[in-house]
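Step one of this worksheet: look at the structure below.
What follows is calculated from the coordinates using simple rules that are stated; it is not laboratory data. Because the structure is predicted, anything quoted here is derived from the model rather than measured. Note: ideal-geometry Cβ built from the backbone for every residue, glycine included; neighbour counts use all protein chains shown.
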Amino acid sequence: MIEKSSIESAYVRIKDHIRETPILRLTGADFGLAPFPIVLKLEQLQHAGSFKARGAFTNLLSREIPEAGVVAASGGNHGAAIALAAKRLGIKAKIFVPEVSSPVKIARIREYGADLVVTGADYGIALAESDRYRDETGALAVHAFDDDYTIRGQGTLALELQRQAPEVTTVLCAVGGGGLLAGIASWFAGSNVKVIGVEPDHAPTLTKALEAGEPVDAETGSIANDSLAPRRIGDRVFPIARKLVDRVLLVSDEEIRRSQEMLWSGARIVVEPGGAAAFGAVLAGKYVPANGERIAVVLSGGNTSAVQFR
């Protein structure tokens, strides 16, 4: 398990490099639901557009960086976060992303000055290329989700959330490789706060792993493929999720898209598909809070070009 004290230490190390993202308190009535209270953690406002900046800075500020710099494979958000952290810390970075990565995310990685390689049909191929580069150059590989430093960094989101909204009793967040889920669950372990994962029904990485009793390959056909479809849950993540996560819910692409639309129409919030997945479970009635329950939903990323300004 990831110790709570290690998440606190990570926060001390990175707090001057990340944003303390705000929360928004509203009710289900804002979205045509019953008027139960909802807290939204607006992590799409984080540096580089997602929670991934937390894990990126934790890695780069906690580990010895070789002369060859760092290398990472990513669907897009992790790559952008590593590229930004490397730029600010003066570190060389090489990023591998698959062809399904969003043009917005690819543009961000390039904007931050990393050496970018677009390769392969999915994250697994990009990861293999990243590992090959690591072996050839000695660069430090920074995993997008399946690493203790990464999980500790993502867990700092939960530390912030608890300080901002101590009344919360349930937290919902999206699942891709599971680093964010594992970090949040590790922070709340042993408390009265339950943690719920939400993943696309066309990218059920954790659902399939729980059914099989171990990480296994899952399909990757979701509209959130560039953030929530790494093919399988992390080996390091899985035992944490199996022990500490209350349940995992599945949402359809249509429910994710509707979540994006309703967050915009009901609260003028712009998020990418992966960032909208967790709220989609609430909007679709797949998670209905009990009387007196106080839920928080993590909006994990906002790297999208879905809104046109006129």
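Once every DSSP H run of n ≥ 4 in the chain is given -39500 (n - 2.57) and the sum is divided by its residues, what mean residue ellipticity at 222 nm do you get, rounded to the nearest 500 deg cm²/dmol?
Details: 12 runs with 132 residues, N = 310.
Rounded to the nearest 500, the figure is -13000 deg cm²/dmol.
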* What are the semi-axes of the equivalent ellipsoid of the range 122-161, taken as the square roots of 5 times the eigenvalues of the Cα gyration tensor, listed largest first and rounded to whole Å? -> 26, 12, 5
* Asked: Over the range 52-141, how many percent of alpha carbon pairs lie in each 10 Å bin up to the one with the longest distance?
  -> 20, 55, 24, 1
* Please determine, in degrees from 0 to 90 and to the nearest 10, the orientation of helix 179-188 with respect to the longest principal axis defined by the Cα atoms of the chain, where the helix direction is its Cα long axis. => 60
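With a 10 Å Cβ neighbour count serving as the proxy for reagent exposure, in which order, fewest first, do M1, M262 appear? Show your work: numbers first, answer last.
Values: M1 12, M262 19.
Listed from fewest to most nearby Cβ atoms, that is M1, M262.
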* Asked: Could you give P(r) for the range 1-100, binned at 10 Å from zero, as whole percent values over all Cα-Cα pairs?
  -> 14, 36, 28, 16, 5, 1
* **Among S259, Q164, Y112 - extreme Cα towards positive end, dipole of the chain, charges at beta-carbon** => Q164
* Structure fact -> Candidate cut points under GluC sites (Glu not before Pro) in the range 151-220, DSSP loop plus at most 16 other Cβ atoms within 10 Å of their own Cβ, are E167, E219
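Would you mind ranking T156, T119, T220, T21 by Cβ crowding within 10 Å, fewest neighbours first?
Values: T156 28, T119 15, T220 24, T21 21.
Ascending number of Cβ neighbours within 10 Å: T119, T21, T220, T156.
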* **Rounded Å value of the spacing that divides the Cα centres of the range 113-134 and the range 1-66** => 26
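Treating only the Cβ of Lys, Arg, Asp and Glu as charged (+1, +1, -1, -1), what charge dipole size does the range 52-141 show about its Cα centre? Round to the nearest 20 debye. Please report the intermediate quantities before stating the final value.
Values: 12 positive and 10 negative charges, 94 e Å.
Value, rounded to 20: 460 debye.
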* Structure fact -> Candidates A296, A218, A281; GNM for the chain (alpha-carbon contacts under 10 Å) flags as most fluctuating A218
* Using a simple charge model, +1 on the beta-carbon of Lys and Arg, -1 on the beta-carbon of Asp and Glu, nothing else, what dipole does the range 138-215 show about its Cα centre, in debye to the nearest 20? -> 220
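Treating only the Cβ atoms of Lys and Arg (+1) and Asp and Glu (-1) as charged, compute the dipole magnitude of the chain about its Cα centre; round to the nearest 20 debye. Show your work: numbers first, answer last.
Values: 34 positive and 36 negative charges, 173 e Å.
About 840 debye.
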* Set of lysines near K87 by C-alpha distance (under 27 Å), chain-local residues within fewer than 8 positions excluded -> K15, K41, K52, K105
* To do: For the range 16-129, give the share of DSSP beta bridges that are antiparallel, in percent and rounded to the nearest 5; count only bridges with both residues there.
  => 40
* Structure fact -> Per the Cα gyration tensor, the chain corresponds to an equivalent ellipsoid with semi-axes, largest first in Å, of 28, 20, 19
* Descending Cα extents along the principal axes, the range 170-221, whole Å -> 33, 20, 15
* To do: Please work out the ratio of the alpha-carbon Rg of the range 139-278 to 2.2 N^0.38 Å and round it to two decimals.
  => 1.02
* To do: Taking the Cβ of each residue in D217, D122, D146 as the centre, tally the other Cβ atoms inside 10 Å and list the residues starting with the fewest.
  => D217, D122, D146
* Asked: Cα centroids of the range 251-275 and the range 209-228: how far apart, whole angstrom?
  -> 21
